[in-house]
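**Q** Take a look at this one; I'll ask things after.
The values are calculated or read from the model by the stated rules, or taken from the named source; none is laboratory data. Just so it is clear, the structure is predicted and the values come from calculations on it, not from any experiment. Cβ coordinates were reconstructed from backbone atoms using ideal geometry, including for glycine residues, and neighbour counts include every protein chain displayed. Ligands, DNA and RNA are excluded from the accessible area calculation, which covers all protein heavy atoms including side chains. Shrake-Rupley method; radii C 1.70, N 1.55, O 1.52, S 1.80 Å.
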Amino acid sequence: MPVLVDIDAYDHHLFSRAPSGSAAAKASLENRAECLDIGLINNMPDAALMSTERQLFDLLGAAAGRLLVRLHFYTMESTPRSEWGRDYVRRYYRSTDDLVIGSLDGIIVTGAEPRAARLTEEPYWTTLAQVMDWARENTISSVYSCLAVHAAVLHMDGVERHKLPAKCIGVFAQTKTRDHPLMHDIPAIFRIPHARWNEVQEEAIASCGYSVLTKSAEAGIDCFVKQQKKSLFVHFQGHPEYETQSLLGEYRRDMGRFLRGENEVCPTIPKGYFGTKAEEILTTFRRKALADRRPEFFADFPADHLAKNLRNAWHLPARRIYRNWLLYMASQRAARSRPLALNGRSRTKPVQDRGGYRAFGHHG
């Protein structure tokens, strides 16, 4: 089924992924009341705004099956952005202040690059806390990724993140630790990308009532959940939505920052991601970068060679997890909207239709 995207301006880049012809759009729009409404709270830096939209759009499209999904874009106005970034979100996003206007079944809250020593000192902290408070009362389920995970557990249960000695980056084997609707049809062991400077630890969250669903011997816990009032909060310390070359792009960015003197730490090579030959090429480049740290050297970064044999080992489990999430919300919504007895008559919860949506198909 197509994914509907709530964007008024038809020059958005996702329009290039729309299916040809009008039949799909017409069929989808006739069933708008049956859509799952998902809000994307996109806090990623300017350079990653569009790729994050594409990643989650494609993942939801692959996961939806026969379900219809309607995706809405929201931004926190307190998130620091360049002039281009402010213009971009003005054109295509609503403010999180508008969340109260409509009815969403779920939200996905992305991470952001850490700027402050403590999360409560981040410029967007107050707004993010308000979003989480709204979500636990008004959504069926909410997904938090990377830094947003650390913010959620801190705000909800006072669990502090811990700084890692080096960036956790790579594709790591995850072990499924318990049965849960989100883990249906997921292998006992599978792989998921991680890219973060901090972590929350299993002992701390377990003591606060969270259920760990997956964890890694190398990367720590990944997926864990907790019912927060009306909403099931789902947390991913990793990045199931990443595309095949996402980690390569992130490593290249970090290497550029090191060579330009913007970061004093030379990035470690992502684990479990490159083949043997690519790791040898990258090890040689890294040695040269450490020995002769110059911005000009960044032009020699062997991105094309490194990208040749990359493979996406996480797409299938990521798609299944997100499909299970969508199915969970659909079943919960159906249960909550069953007819209720009222003075001998039955009534159902009205469905709000905000209109203005255009259908998109998934191109995997």
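**Q** Has segment 297-320 got at least one residue that is assigned to a helix (DSSP H, G or I) and acidic (D, E)?
**A** First, pick out the residues of segment 297-320 that are assigned to a helix (DSSP H, G or I): 297-300, 303-307, 315-320.
Add one more test, that the residue is acidic (D, E), and what stays is 300, 304.
Yes, there is a match, as at least one residue in segment 297-320 is assigned to a helix (DSSP H, G or I) and acidic (D, E).
**Q** Just for segment 247-262: of the residues that are open to solvent by 50 Å² or more (accessible area, probe 1.4 Å) and touching a helix residue (DSSP H, G or I) at 6+ places or on another chain (Cβ under 7 Å), which one is nearest to S216 (Cα to Cα)? Don't jump to the end; show me each part of the working.
**A** Residues of segment 247-262 that are open to solvent by 50 Å² or more (accessible area, probe 1.4 Å), as a first pass: 252-253, 257, 260, 262.
Those left that are additionally touching a helix residue (DSSP H, G or I) at 6+ places or on another chain (Cβ under 7 Å): 252, 260.
Values: R252: 25, R260: 33 Å.
That would be R252.
**Q** For the structure I just gave you, tell me whether F236 is within 26 Å of the chain's Cα centre (by Cα) and buried (at least 16 other Cβ atoms within 10 Å of the Cβ).
**A** On the way: within 26 Å of the chain's Cα centre (by Cα): yes; buried (at least 16 other Cβ atoms within 10 Å of the Cβ): yes.
Judged against the criteria, F236 is a match.
**Q** Residues that are without any contact (Cβ under 8 Å) to a residue 40 or more places away in the chain and farther than 25 Å from A116 by Cα: find the strands (runs of 3 or more DSSP E) completely inside segment 135-232 holding 1 or more of those.
**A** Details: elements: 141-145, 162-176, 189-199, 214-216, 223-228.
Here the list reads 162-176, 189-199, 223-228.
**Q** Considering (1) buried (at least 18 other Cβ atoms within 10 Å of the Cβ); (2) touching a helix residue (DSSP H, G or I) at 6+ places or on another chain (Cβ under 9 Å), say which one T244 fails and leave the rest.
**A** (1) is the only condition that T244 fails.
**Q** May I pose another question? Quick test for you: out of I269, I321, pick the one residue that is open to solvent by 20 Å² or more (accessible area, probe 1.4 Å) and either among the aliphatic types (A, V, I, L, M) or at pLDDT 95 or above (or both).
**A** Values: I321 fails: open to solvent by 20 Å² or more (accessible area, probe 1.4 Å).
Only one candidate qualifies: I269.
**Q** How many of the residues in segment 64-107 are closer than 15 Å to S141 by Cβ and either of a type in the set (S, T, Y) or open to solvent by 10 Å² or more (accessible area, probe 1.4 Å) (or both)?
**A** Residues flagged as closer than 15 Å to S141 by Cβ and either of a type in the set (S, T, Y) or open to solvent by 10 Å² or more (accessible area, probe 1.4 Å) (or both) within segment 64-107 amount to 3.
**Q** Tell me yes or no: at least one residue of segment 326-341 is open to solvent by 60 Å² or more (accessible area, probe 1.4 Å), over 30 Å from I108 (Cα atoms) and at pLDDT below 90.
**A** Within segment 326-341, one or more residues are open to solvent by 60 Å² or more (accessible area, probe 1.4 Å), over 30 Å from I108 (Cα atoms) and at pLDDT below 90.
**Q** Moving on. Among the residues that make up segment 59-71, is at least one of them within 16 Å of the chain's Cα centre (by Cα), in a strand (DSSP E or B) and within 26 Å of A219 (Cα to Cα)?
**A** no
**Q** Something else about it: In segment 234-279, what residues are within 30 Å of R136 (Cα to Cα) and either assigned to a loop (DSSP other than H, G, I, E, B) or among the charged types (D, E, K, R) (or both)?
**A** Taking segment 234-279 first, the residues within 30 Å of R136 (Cα to Cα) are 234-243.
Of everything in segment 234-279, those that are within 30 Å of R136 (Cα to Cα) and either assigned to a loop (DSSP other than H, G, I, E, B) or among the charged types (D, E, K, R) (or both) turn out to be Q237, G238, H239, P240, E241, Y242, E243.
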